[in-house]
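**Q** Structure in structure tokens, see below.
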Amino acid sequence: MTEDLSKETPVSPFVSAEAPMFDGVIAQLSSMENLPPTRRRDLKSALNTLARIIGRRPSEIPANINWLHVRVRKIVPAQHNITKKRLANIKSDALKALELTGCSRKRSDWLAPVSQDWSDLLGRIENKHDLWKLTQLAQFCSALSVGPQQVRDQHTLDLLKTLIEESFVNRPEHVVANAIRTWNRLKDQVSDWPEVALSRLPRKKEPWTFHIETFPDAFQSDVNAWLERLRNPDLFDASGPSQPLRPTTIAHRRFQIQEVASALVRSGKPMTEITSLALLVEMDNLKAALRWMMGRFNDKPKDAIKGVAVCLQAIANHHVGVDAAHLDDIRGIVKRLGRDADGLREKNRQRLLQLEDSENLAKLLHLPAVLVTKAEHLFATKPRKAALLVQAALAIEILLNCPMRVGNLASLNLERHLKPIKIKREHRTHIHIPSHEVKNNVALDYELGKDATVLLNYYLEKARPVLLVERSDFLFPAMNGGSKRPNGVSTLIKKTILEHTGLTIHAHLFRSIAGKIHSLVQPGDVTTLSHVLNNSLSTAMKAYAQFERRSALEHYQNSLSAVRSAG
């Protein structure tokens, strides 16, 4: 997609006002009669194309070989519907254009110089590492005509924003945080340093909850007693859980309690008065806490808030033992929250919109085969890179066929979970994950078809041995012989899809993608989805109703067109 360049985009404050720009190079090329017309055309086209990809006008891009090298390495070709080879050709022609017109390759020639007062300040720094850490802050403030005595927290925040937009440094948050720490340290070490203390960068997401350990001891003891009951249930207690909850589930329940207690404090209840779980499920307190939590989302219910209400319902019923009328009131709240809560998070909804384009969907569905083809050409020279491509291909293929949670995917064990089978002379693979290893305690049973099994065997024979360091029974082994962490598998999947398709898709989104794919072929068949995703029928209907709405709308619009044509 072509970027919109209609808005005025200021030249980066890091770029020197004297630095030549792409538009000057293009004009120079037009007057170079010694070049064949087609060559002039190709070189100018490369510069204009590169400008479109970067999202700036030619008049805003410094004609500097160093700048070009640094900026081009950040481009993901697939996001611009071009191949790596095409990008390499564009880069090559652009560099040639800069060389032919005598452009510099020195970094200092495109960077804006620091002002005299900043230069004097930097001259007092003896350690070269400290000097480097403050140079970009000095350049940025110099461009804004802000002297060392005038620098404030807003300038460091603006510096971070500019570094992110410019994309010519790795880890911009780290760069700015280092500059702040260095500035504050030198303020105490260097004589005549400006008496300005800079605040650290704000956290990306400020926590609003209070740790349970900050609440009264009686409350902590009550929480621990409830969680211990979930961890080690009494099999003869019919009102308790029938089996121990998984550690991750218990940790989540603990955090939900932390959320409710913290929301109650935020709504005005003194922390010292929160001494038991019974206090949390009193109707006035329960409503106050849930209302405060909804207030964070413009008073809209969310699935997470409904989950908190369900947690409180269980505590009220099984731990506190409220009367029937009280419990019915809580159940009513849970039901109303469930009625209004959106089954699909907005971020996931936006990412699914990428797949409304049939070409994008096709890119994803055919990606495993594409990755294997690319890997086959790399095994001779870059075996580990090739093996990781095949590993990513297999992970994506499994998620397309068997949309399980990434935790189960990462922990697949060749001995315990995978079994080769043969059906009508066709080799397949059966995947069985027992209930105690699944989030909702319902066993998973999947079957990989012929093509997916061929890919699995190819991975086991050619790619996995390259990645194996210690003996391991895991399908995706870590270097220590254990299983690869879910976050590691998820990152591999996300980065691979982005690099080779330009799509932003994480591992958990495949469960929603399954709903989208099936609704395209069998609209209305929610029962199949509930089995494939291991969800209850009501959950599947709620989460994937959006796909049914779209199919219904298309069906109606086809009827509208038919009636119009008939008239």
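To keep it simple, each residue is scored yes or no on (1) touching a strand residue (DSSP E or B) at 6+ places or on another chain (Cβ under 8 Å); (2) surrounded by fewer than 15 Cβ atoms within 10 Å (Cβ to Cβ); (3) outside any loop (DSSP other than H, G, I, E, B).
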site: Lys462; (1), (2), (3): no, no, yes
site: Pro465; (1), (2), (3): no, yes, yes
site: Asn480; (1), (2), (3): no, yes, no
site: Ile493; (1), (2), (3): no, no, yes
site: Ile497; (1), (2), (3): no, no, yes
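**Q** Checking the condition under 22 Å from Arg291 (Cβ atoms) and crowded, with 18+ Cβ neighbours inside 10 Å, which residue from Phe210, Phe255, Phe219 passes?
**A** Selected residue: Phe219, the only one of Phe210, Phe255, Phe219 that is under 22 Å from Arg291 (Cβ atoms) and crowded, with 18+ Cβ neighbours inside 10 Å.
**Q** Across region 59-72, which residue is nearest to Asp23 (Cα to Cα) among those that are surrounded by fewer than 20 Cβ atoms within 10 Å (Cβ to Cβ) and more than 30 Å from the chain's Cα centre (by Cα)?
**A** Only one residue tops the list, namely Ser59.
**Q** Moving on. Based on what the data block shows, is Ile180 within 30 Å of Thr275 (Cα to Cα), surrounded by 12 or more Cβ atoms within 10 Å (Cβ to Cβ) and either hydrophobic (A, V, I, L, M, F, W, C) or touching a residue at least 60 places away in the same chain (Cβ under 8 Å) (or both)?
**A** no
**Q** Can you name the residue in region 366-385 that is within 12 Å of Val466 (Cα to Cα) and part of a helix (DSSP H, G or I) and is also farthest from the chain's Cα centre (by Cα) among such residues?
**A** My answer is Pro383.
**Q** Right, here's the next one. Taking helices (runs of 4 or more DSSP H) that fall entirely within region 215-296, which contain at least 3 residues that are more than 21 Å from Ile330 (Cα to Cα) and not acidic (Asp, Glu)?
**A** Ranges flagged: 217-231, 247-266.
**Q** What's the total number of residues in region 87-101 that are of a type in the set (A, V, I, L, M) and without any contact (Cβ under 8 Å) to a residue 60 or more places away in the chain?
**A** 5
**Q** Determine which member of the set His432, His427, His436 is in contact with a Lys or Arg (Cβ under 9 Å, 6 or more places away or on another chain) and either surrounded by 22 or more Cβ atoms within 10 Å (Cβ to Cβ) or over 22 Å from Ser530 (Cα atoms) (or both).
**A** The match here is His427.
**Q** Also, I was wondering about something else. For Val454, which of the numbered conditions (1) outside any helix (DSSP H, G or I); (2) without any contact (Cβ under 8 Å) to a residue 40 or more places away in the chain; (3) of a type in the set (A, V, I, L, M, F, W, C) fails to hold?
**A** (1)
**Q** Could you list, in sequence order, the residues of region 141-157 that are modelled with pLDDT under 90 and under 23 Å from Val70 (Cα atoms)?
**A** The one that is modelled with pLDDT under 90 and under 23 Å from Val70 (Cα atoms): Ala143.
**Q** Identify, from the list Gln149, Gln154, the residue that is out of contact with any helix residue (DSSP H, G or I) (no Cβ under 6 Å at 6 or more places or on another chain), touching a residue at least 40 places away in the same chain (Cβ under 8 Å) and part of a helix (DSSP H, G or I).
**A** The unique qualifying residue is Gln149.
**Q** Looking at (1) modelled with pLDDT of 90 or more; (2) farther than 23 Å from Ala395 by Cα; (3) basic (Lys, Arg), which one does Arg336 not meet, given that it meets all the others?
**A** Evaluating Arg336 over (1) modelled with pLDDT of 90 or more; (2) farther than 23 Å from Ala395 by Cα; (3) basic (Lys, Arg) leaves (1) as the failure.
**Q** With the checklist (1) more than 26 Å from Pro233 (Cβ to Cβ); (2) in the same structural domain as Arg253 (by TED's automatic domain parsing); (3) among the aliphatic types (A, V, I, L, M); (4) modelled with pLDDT under 95 in hand, flag the one item Leu353 doesn't pass.
**A** Of (1) more than 26 Å from Pro233 (Cβ to Cβ); (2) in the same structural domain as Arg253 (by TED's automatic domain parsing); (3) among the aliphatic types (A, V, I, L, M); (4) modelled with pLDDT under 95, only one is false for Leu353: (2).
**Q** Within region 386-420, restricting attention to residues that are touching a residue at least 24 places away in the same chain (Cβ under 8 Å) and part of a strand (DSSP E or B), which residue is farthest from Ile493 (Cα to Cα)?
**A** Across region 386-420, the extreme among qualifying residues is Pro420.
**Q** Of all residues being aliphatic (A, V, I, L, M) and surrounded by fewer than 11 Cβ atoms within 10 Å (Cβ to Cβ) in region 225-248, which is modelled with the highest pLDDT? Just the residue, please.
**A** Checked region 225-248; the qualifying residue modelled with the highest pLDDT is Leu235.
The values are calculated or read from the model by the stated rules, or taken from the named source; none is laboratory data. Bear in mind that the values here come from a model prediction, so they are computed numbers and not experimental data. In this analysis, Cβ positions are derived from the backbone assuming ideal geometry, glycine residues included, and neighbour counts consider all displayed protein chains.
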